[in-house]
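Below is one structure; the comments refer to it alone.
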Amino acid sequence: APIAKVGGLGDVVTALARAIKDEGNLVEVILPKYQFFNSSPMLGNMEFEASFEALGTNIVVTRHIVEDVQVFFVEPQNGMFAVDSVYGRNDDGVKFDFFCNAALEFLLQTGRQPDILHCHDWSTATVASSYWTNYHNYGLWKPKVVFTIHNMNYGQQKIGEASFHSQLTTTVSPSYAGEVSGHPAVRDNLHKFHGVRNGIDTEIWDPSTDQFLPMNYDASTHEAGKRRAREEIQGRFGLTWGSDQPMVAVVSRLTAQKGLDLIKHSIHHSLKRGAQYVLLGSAPDPRVQGDFNAMAGAIGGPNAAFAFAFDEPLSHLVYAAADFILVPSMFEPCGLTQMIS
């Protein structure tokens with residue numbers, strides 16, 4: 001979502017929420033309040049919204065406007081989300097199931113009756129079944145459930161349950177819908193399964209107005225604008241400053257789907273050909289992250305920069321500065337990186 005973008009799902013939720021809001025609808029996004037949000041430059045003073053007892057603990061909900069979207073942050077006082085990453089722990093499933101029920105309880109406790117509950121991927125798939133089992137007949141009566149599959153590689157059992165319980169299931173492109181239509185998670189519910197091509201919010205990614213760039217630019221000023229962005233990255237990461245070497249970049253989750261060997265090969269090949277290379281991303285698997293940490297230690301320097309973090313402002317800067325954006329994926333359900341580039 002707006003400040004927790006691990007991959008394309010976060011970009012899509014942001015863009016979709018803004019587009020639906022622009023059509024005159026009330027849109028609210030609910031997120032866990034992760035500990036790492038405390039250092040986010042996108043959050044100012046959050047306001048109190050609600051507090052209630054549920055699921056064995058006190059739950060505090062705060063709110064803030066992010067990218068012109070109303071976002072609610074669910075913070076259980078048992079420390080469930082006092083962590084520094086969205087994924088990557090053995091209890092991810094427990095945490096997300098807790099969040100799904102806490103979000104539904106928030107809607108019930110505050111008297112909300114949305115028309116649609118839109119949940120995404122396995123991490124919030126439990127919303128679909130829990131709503132109909134535990135909430136629909138007990139006060140939260142109005143919503144219908146839409147479930148969107150961004151990646152079939154994870155949580156397939158939960159995806160199958162959500163596909164059954166939702167009134168409409170979508171995925172991120174017509175072609176990906178065709179590719180996965182025979183999967184057991186969706187094949188019995190194809191009558192309500194649709195491929196809807198993802199999009200991006202061009203206002204957020206427009207370099208002529210982007211708030212995260214040192215100099216805004218358009219087609220007539222792109223050389224100067226890209227140079228300023230490139231120099232900003234060079235200065236921040238200790239790359240050779242002012243160099244006119246081409247800048248090659250990868251902005252990606254470091255997972256098997258994204259082609260880990262291809263990413264590593266692209267780094268060595270780019271440096272061999274005289275480019276500067278920037279990698280922005282992180283791995284939920286500690287072993288994979290360890291491999292890339294070792295690579296950064298070995299070759300990081302005047303021509304290679306590694307940023308292993310979620311950093312929304314930095315991603316804008318990297319896209320703006322790069323001469324080449326690489327997308328070394330084994331498969332791409334949609335292709336948001338190409339659209340942003």
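The values are calculated or read from the model by the stated rules, or taken from the named source; none is laboratory data. Note that the structure is predicted; figures quoted are calculated from it, not measured. Cβ atoms come from the backbone with ideal geometry, glycine included; neighbour counts cover every protein chain shown. We work out accessible area using only protein heavy atoms, side chains counted, and drop any ligands, DNA or RNA first. Shrake-Rupley method; radii C 1.70, N 1.55, O 1.52, S 1.80 Å.
Brief remarks follow.
- Residue among Arg89, Arg112 that alone is at pLDDT below 95 and within 25 Å of Ala4 (Cα to Cα): Arg89
- Scan of the range 198-215 for residues that are exposed (fewer than 13 other Cβ atoms within 10 Å of the Cβ) and either within 17 Å of the chain's Cα centre (by Cα) or not in a loop (DSSP other than H, G, I, E, B) (or both), ordered by number: Thr202
Per-residue answers, yes or no, for (1) open to solvent by 30 Å² or more (accessible area, probe 1.4 Å); (2) charged (D, E, K, R):
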position	(1), (2)
Phe292	no, no
Met295	no, no
Phe306	yes, no
Glu312	no, yes
Leu336	no, no
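- Residue within the range 173-196 that is open to solvent by less than 40 Å² (accessible area, probe 1.4 Å), under 23 Å from Gln276 (Cβ atoms), among the polar types (S, T, N, Q) and not in a strand (DSSP E or B) present: no
- Of all residues in the range 17-67, those that are in contact (Cβ under 8 Å) with a residue 24 or more places away in the chain, assigned to a helix (DSSP H, G or I) and either under 19 Å from His120 (Cβ atoms) or touching a Lys or Arg at 6+ places or on another chain (Cβ under 7 Å) (or both) total 5.
Conditions tested, residue by residue: (1) open to solvent by 60 Å² or more (accessible area, probe 1.4 Å); (2) farther than 23 Å from Ala309 by Cα.
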site: Gln70; (1), (2): no, yes
site: Met80; (1), (2): no, no
site: Phe96; (1), (2): no, no
site: Glu105; (1), (2): no, yes
site: His118; (1), (2): yes, yes
site: Thr133; (1), (2): yes, yes
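- Count - residues of the range 292-330 that are without any contact (Cβ under 8 Å) to a residue 12 or more places away in the chain and in a helix (DSSP H, G or I): 3
- Against the conditions (1) surrounded by fewer than 16 Cβ atoms within 10 Å (Cβ to Cβ); (2) in contact (Cβ under 8 Å) with a residue 60 or more places away in the chain, Asp84 satisfies every one except (2).
- Residues of the range 153-172 that are of a type outside the set (Ser, Thr, Tyr) and part of a strand (DSSP E or B): Leu168 alone.
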